[in-house]
1. Only one of B:Val97, B:Val36 is closer than 30 Å to A:Val121 by Cβ and either small (Gly, Ala, Ser) or free of Cβ contacts under 8 Å to residues at least 40 places away in the same chain (or both); which?
2. Could you list, in sequence order, all residues of region A:166-186 that are crowded, with 16+ Cβ neighbours inside 10 Å, more than 7 Å from every other protein chain (Cβ to nearest Cβ) and either touching an Asp or Glu at 6+ places or on another chain (Cβ under 8 Å) or within 16 Å of B:Leu17 (Cα to Cα) (or both)?
3. Is it true that A:Arg163 is part of a loop (DSSP other than H, G, I, E, B) and charged (D, E, K, R)?
4. Taking only pairs six or more apart or across chains, which ones have beta-carbon atoms under 7 Å, a first residue in region A:91-102 that is closer than 15 Å to B:Tyr49 by Cα and within 9 Å of chain B (Cβ to nearest Cβ), and a second residue that is surrounded by fewer than 20 Cβ atoms within 10 Å (Cβ to Cβ) and of a type outside the set (Asp, Glu)?
5. I need the full set of residues from region A:103-135 which are assigned to a helix (DSSP H, G or I), among the aromatic types (Phe, Trp, Tyr) and more than 7 Å from every other protein chain (Cβ to nearest Cβ), in order please.
6. Based on what the data block shows, is B:Gly163 on the phi < 0 side of the Ramachandran plot and touching a Lys or Arg at 6+ places or on another chain (Cβ under 8 Å)?
7. Hey, A:Ala152 hits all of (1) more than 8 Å from chain B (Cβ to nearest Cβ); (2) part of a helix (DSSP H, G or I); (3) crowded, with 18+ Cβ neighbours inside 10 Å but one; which does it fall short on?
8. Among (1) more than 16 Å from the chain's Cα centre (by Cα); (2) surrounded by fewer than 18 Cβ atoms within 10 Å (Cβ to Cβ), there is one condition A:Glu55 misses while meeting the rest; what is its number?
Amino acid sequence: MSETRPTITPPGPTVFDLFAGFFMIGVCGFGGVLPWARRMIVEQRKWLTPTEFTEMLGLCQFLPGGNIMNVTIALGSRFRGIPGAAACFLGLMMAPVAIVIALGAIYDQYAGYAPVRRAFVALSAAAAAYLVTSAWKIAAPLWGRKLAAGVAVCTFVAIAVLRLPMPAAMPVLAIGSTLLLWRFRA
Amino acid sequence: MSTLLDLAIVYGQLSLLAFGGANAVIPEMQRQVVDVHHWMTPHEFAALYALAQAAPGPNMMVVSLVGWRVAGLWGALVTTGAVALPSSVLTLLVSGVWFRFKDAPWRKAIQAGLQPVTAGLIMASAALLIQTTVVDLSAAAVAIVAGGLFFFTRLHPLAILSGAAVAGAIGLVG
């Protein structure tokens with residue numbers, strides 16, 4: 001009886017394992033960290049099964065805040081409580097924050113040069129276009145559904161055209177949308 | 001000190017509003033940073049957003065960068081911490097009991113209700129950034145060409161972004 005115990009309950013990642021795993025995600029995750037997170041958590045280190053990962057991600061997308069940030073908290077606390085959550089979060093954020101500040105410092109240093117300024121005009125326009133295509137992909141499933149598309153358009157008008165403050169607009173939009181779509185099962 | 005407190009309050013609020021991640025709260029972030037607190041111009045904000053795309057990590061890096069620009073290293077630590085803490089506490093509290101109601105009808109109703117709101121918010125973010133960054137015809141050309149590449153090709157986003165930056169630097173545009 002006692003000899004089977006170690007194989008049935010694997011010890012799970014330590015606080016340091018969690019830190020190291022998420023550190024690698026943070027360093028690798030150019031242009032979106034989610035694919036890297038799934039690769040490390042499910043395929044390489046097998047901390048979660050694919051189903052567990054999908055369920056955890058579902059929760060983290062449901063709650064406010066950065067999806068991957070929420071994953072660090074949910075996963076870290078599941079294995080090692082609050083220290084585990086902190087280790088995952090710090091592991092994920094440490095390198096990217098340092099890198100982005102270094103980029104900011106370099107930009108400041110050279111922002112006076114015409115080529116750098118022109119590069120940033122072009123880069124900013126391209127980054128905005130990137131967000132347009134992301135928005136298009138997120139909105140695409142809604143077009144067939146009149147009510148949902150209507151809610152999306154109302155949200156757009158409230159925030160982008162009327163420039164309403166989000167702390168006031170968001171509760172109205174979220175609650176209104178939920179009740180409306182629930183009432184009409186749209 | 002009061003600037004750090006203001007940053008903490010602004011980003012603490014954004015944390016709980018960010019249904020759909022950081023890209024959903026770009027308009028509110030810009031409204032607070034540019035219109036309410038006058039920490040920078042809209043063009044500086046757009047440049048920081050673009051710069052943040054060049055860094056690895058979560059798509060929240062614009063948060064750290066704004067903090068750094070406003071109040072140095074402490075500013076970056078405060079905004080990063082403030083944007084993470086409220087949503088993290090919520091995640092910590094909810095994740096323990098999540099399995100109990102993951103199939104509950106009300107949860108599915110809320111999720112279905114939030115989906116179009118999130119889509120609208122991200123469209124608003126995109127529109128705002130386009131409005132700020134398309135300053136002349138050549139910037140418009142870059143946005144159109146880059147948008148076409150993002151949409152119709154499988155090129156890595158970073159390749160397209162760096163291509164745009166290089167085109168700007170050598171004077172093809174701008």
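The values are calculated or read from the model by the stated rules, or taken from the named source; none is laboratory data. Since we're looking at a predicted model, the values are computed, not measured. As a convention, Cβ positions derive from the backbone with ideal geometry for all residues, glycine included, and neighbour counts pool all protein chains shown.
1. Details: B:Val97 fails: closer than 30 Å to A:Val121 by Cβ.
Criteria check complete, one pass: B:Val36.
2. Answer for region A:166-186, where residues must be crowded, with 16+ Cβ neighbours inside 10 Å, more than 7 Å from every other protein chain (Cβ to nearest Cβ) and either touching an Asp or Glu at 6+ places or on another chain (Cβ under 8 Å) or within 16 Å of B:Leu17 (Cα to Cα) (or both): just A:Ala169.
3. yes
4. No pair meets every condition.
5. The answer is A:Tyr110, and nothing else.
6. Details: on the phi < 0 side of the Ramachandran plot: yes; touching a Lys or Arg at 6+ places or on another chain (Cβ under 8 Å): no.
When the stated conditions are applied, B:Gly163 does not pass them.
7. Every condition holds for A:Ala152 apart from (1).
8. For A:Glu55, the exception is condition (1).
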